[in-house]
1. Give the residue, chosen from 193, 173, that is more than 26 Å from residue 105 (Cβ to Cβ) and out of contact with any helix residue (DSSP H, G or I) (no Cβ under 8 Å at 6 or more places or on another chain).
2. Just give me the residues in region 69-91 being crowded, with 19+ Cβ neighbours inside 10 Å and either at pLDDT below 95 or in contact with a helix residue (DSSP H, G or I) (Cβ under 6 Å, 6 or more places away or on another chain) (or both), in sequence order.
3. Residue 36 is checked against (1) touching a helix residue (DSSP H, G or I) at 6+ places or on another chain (Cβ under 8 Å); (2) within 10 Å of residue 70 (Cα to Cα) and fails just one. What number does that condition carry?
4. Being over 23 Å from residue 60 (Cβ atoms), surrounded by 17 or more Cβ atoms within 10 Å (Cβ to Cβ) and within 11 Å of the ligand (Cβ to nearest atom) is the filter here; which residues of region 171-208 pass it?
5. Among the residues of region 134-149, is there at least one that is crowded, with 22+ Cβ neighbours inside 10 Å and either within 12 Å of the ligand (Cβ to nearest atom) or free of Cβ contacts under 8 Å to residues at least 60 places away in the same chain (or both)?
6. Do you know which residues across region 158-170 are away from the ligand (no atom under 13 Å from the Cβ) and surrounded by 14 or more Cβ atoms within 10 Å (Cβ to Cβ)?
7. If you go through region 154-170 one residue at a time, do you hit one that is assigned to a helix (DSSP H, G or I), closer than 26 Å to residue 97 by Cβ and either at pLDDT 95 or above or touching a strand residue (DSSP E or B) at 6+ places or on another chain (Cβ under 8 Å) (or both)?
8. How about region 2-121: which helices (runs of 4 or more DSSP H) wholly inside it have at least 3 residues that are within 16 Å of the ligand (Cβ to nearest atom)?
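The values are calculated or read from the model by the stated rules, or taken from the named source; none is laboratory data. Fair warning: this is a prediction, and the values are worked out from it, not measured in the lab. Please note: Cβ atoms are built from the backbone with ideal geometry, for glycine as well, and neighbour counts cover all protein chains shown.
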Ligand code: C5P
């Protein structure tokens, strides 16, 4: 063929997936799905941030599954240690505000929005320009303000509103919180899961209720 250069066999899993693709049913063909995943990081100063225990596994698994079912998937991800699933376009962001901007840029042309990201609820009112120094014996006070609620904004869109799915990870009163979230955020579906030692964060298994 005239091409020369170093070559490398695809990973077997990628090869199998590519071979199977033409034979798989593609019920989500021609659908565009935007998925948020992972945590966000809200900086306090140049070296520190507020964040949470999200690994991104749930959002990335959903992105992979949606792609395998034929959808075009845009994955908007906070910082995680995972590779983007094959065939999925990933946009990397850090803060809740950056995640919102990335979501709004894609939302008008999408059919389904799935907000899986564990978006931080608070950010500091003012990010310190220099590293905050320890003042021995003094408690440190931070003033926090709410971050934008991405799911809430998508759910309340007056036009081009996609089918909107949110997640609820709770430690108590799972169903009551899920129903409340469904109404408050105007979502179409809430995926509720109880966070415990074995389920919820950074786990390969999960058990959920769909509300
Ligand atoms: O209100 P709470 O954070 O428990 O709701 C969780 C759901 O809302 C998840 O789907 C999460 O991705 C979404 N969310 C969001 N933006 C926020 C907070 C939560 O999109 N600032």
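1. That would be 173, the only listed residue that is more than 26 Å from residue 105 (Cβ to Cβ) and out of contact with any helix residue (DSSP H, G or I) (no Cβ under 8 Å at 6 or more places or on another chain).
2. Within region 69-91, 73, 74, 75, 76, 85, 88 meet the criteria.
3. (2)
4. If the condition is that a residue be over 23 Å from residue 60 (Cβ atoms), surrounded by 17 or more Cβ atoms within 10 Å (Cβ to Cβ) and within 11 Å of the ligand (Cβ to nearest atom), then 177, 182 are the ones that fit.
5. No: region 134-149 contains no residue that is crowded, with 22+ Cβ neighbours inside 10 Å and either within 12 Å of the ligand (Cβ to nearest atom) or free of Cβ contacts under 8 Å to residues at least 60 places away in the same chain (or both).
6. 161, 162, 163
7. Yes, region 154-170 contains a residue that is assigned to a helix (DSSP H, G or I), closer than 26 Å to residue 97 by Cβ and either at pLDDT 95 or above or touching a strand residue (DSSP E or B) at 6+ places or on another chain (Cβ under 8 Å) (or both).
8. Ranges flagged: 57-68, 96-107.
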